[in-house]
Each structure stands twice: as C-alpha cells, then as structure tokens.
Amino acid sequence: MKKVDAKDKLLEAAERCLMEKGSHAASVKAIAAMADVNHGLVHHYFGSKEGLFIELAKEHLKITTPLKTVATENEVIDFLEETVFFYSRMMVELRALSYQMPELNNVLINILKERRKNLQEILNIDDEQAVILISSVAGLAFQAGLDTSMKLKDALRKVFNLIN
C-alpha cells in the first residue's frame, strides 16, 4: 500500500472540500482538518492558501491532459461526456476563489488557453470556435447537472455540429 504524504493529503482534501462544500467553505483549517494534518503544513508545502489552489489547478490540468491523446471528434465527445461534470464544477469553484487570488486567476487563464489550443489541434478549428465549444460544454454541464434526464452525449454532438 502506497503511503500518502501530507502534501498529497492536502491536495486531495482541497479537491474534496471544493467539490463537497464549495469554495466558500474552503478555509485552510477546514482543508487541513479534512486531510487530518496540521494547518501550518499548507504554508509549509504551498506558501499560502492561494499556492495550494494553484497546485490543485495544475494537478487538475494533468487529470484532463488525456484530451491531448484523442484523435477524433467521437473520442473528444466521449472524453467530455466522462469528465464534463467534474471538470466544470472544479473550474467554477476555482474561478470563485480566483476573484481574490490573482495568481490563481492567471493559472486558470493559462489552463483555458491550453484547452483551446488542444481543441484547435485535435478538431482543426480556430480559436473562436474553441471558445464557443468550451463555453457550450460548460453550459451543458451546468444544465445536465440540474436536469439529469438530459441526453448529454446527444447535446455534445449538436454543439460539435454547430461549430463545424
């Protein structure tokens, strides 16, 4: 069994806190309590609360990096269908935090630019089309999260048809 160090515990707890309680409840003490470590370790490992969320955003980018390996529109749709709820929710919570954290805001901007670039290369679309696609998918995630009867894959296909 792999031993999880305090830094990893804090990252996992920060993610869990955001997803379960939202950004408004994501205090250093709450995250440390969820990780079952001393709250001073946030500053030790990350320098600040903002540093913790910057690292989480970067780790989150790694989780969604498989998008680079898909080759077809159908594979992109399948990938989005599997990841859209988690990815969209995480971005909403990180964005809420970034209003008070300018460095985190810059990291999120770079993540979105990277996503757009990946989609442009995979789907042979321009930047504006990539912006429309990402925005549409985020909107679909929001709606599908509320209306579980929605057929997400069908809606994703229609969005792809609109941008082509």
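This model, with +1 at the C-beta of Lys and Arg and -1 at the C-beta of Asp and Glu, gives the chain a dipole about its Cα centre of some 300 debye. Each of Thr69 and Phe85 was given a label point 7 Å from its Cα along the Cα-to-Cβ line. The distance between the two points is 2.3 nm. For the residue pairs Lys58/Lys158; Lys21/Lys49; Lys62/Lys151, the alpha carbons lie more than 20 Å apart in Lys58/Lys158; Lys62/Lys151. Of the residues Leu80, Val107, Ala30, the one whose Cα sits farthest towards the positive end of the charge dipole of the chain is Ala30 (charges of +1 on Lys and Arg Cβ, -1 on Asp and Glu Cβ, taken about the Cα centre). Using a cutoff of 8 angstrom between alpha carbon atoms and counting only pairs six or more residues apart, the relative contact order for the chain works out to 20 percent.
Each residue, Asp78 and Glu59, gets one label point 7 Å from its Cα in the Cβ direction; the gap between the two is 2.8 nm. Recomputing Kirkwood radius over Cα pairs in Å from the coordinates shown identifies the correct label among (i) 16.2; (ii) 16.9; (iii) 17.5 as (ii). Taking each residue as 0.36 nm, the span from Ala96 to Phe142 lengthens on full extension beyond its C-alpha to C-alpha distance by 15.0 nm.
Only the coordinates and a few stated rules stand behind these numbers; no lab work does. Note that the coordinates shown come from a computational prediction; the quantities given were computed from them, not determined experimentally. Quick reminder, even Gly has a Cβ in these numbers, built from the backbone with ideal geometry, and neighbours come from all protein chains shown.
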